[in-house]
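A single structure is presented below for examination.
What follows draws every value from the coordinates through simple rules; no lab data is involved. Predicted, not measured: the structure shown is a model, and the values here were computed from it. Ideal geometry is used to build each Cβ from the backbone, glycine not excepted, and the neighbour counts take in all protein chains shown.
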Amino acid sequence: MSSGASTAARSNPTTGIDEARAAQLRAANINPRTGLATDYLNHFNEAIMLLEMIPDMPECAEDFLLWCPLSYAEHFTASNFKARDLAIEAYEQAHPAVRGEFDRLCSTMTSILTAVGQAMREVSQDKTRATLADQATGWVKPLVSLAGGVINGGSESDIDTIMAG
């Protein structure tokens, strides 16, 4: 066997997966160390973008109210992400601790956005909706950063640094 063939079949001690699989994941913009893709964060960034527009354009509240929570698998199933099946498979195979932390952050973001949407439905004043939008943005943006850190294989100390800043 040539040294090139044996290298390709070797398991990477950092990721625990073979180099060919790691290359496949990298090519699909999926972190081979975590099995997660940053594309899912677009789901939350869309909501943030709409919330940020509400203070200047109150009519954007109606667009935000159309935002619906999607799980990781639901997001990729509904997306045009070319490697969506691979993204879902890699997520399902991700280390339970990594996936658990990621899911916890995503659940928190979903809870905040859902609660803010409910609150916006119950008020009629644009100023109140703008205040809700500002508060939600302030809460969710740091969580998106933390989720990005989990996706990119950040350590707990990285998360502590982000939260302290």
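How much of the calculated P(r) for the stretch 34-164 lies past 23 Å, in percent of all Cα pairs?
Tail of the P(r) past 23 Å holds 36 percent of the pairs.
If Lys and Arg each add +1 and Asp and Glu each add -1, what is the summed charge of the other residues whose beta carbon sits under 12 Å from the beta carbon of Phe76?
Every neighbour counted, the sum reads -3.
Between Thr131 and Leu65, with labels modelled 7 Å along Cα→Cβ, what's the label distance in nm to one decimal, could you check?
1.9 nm
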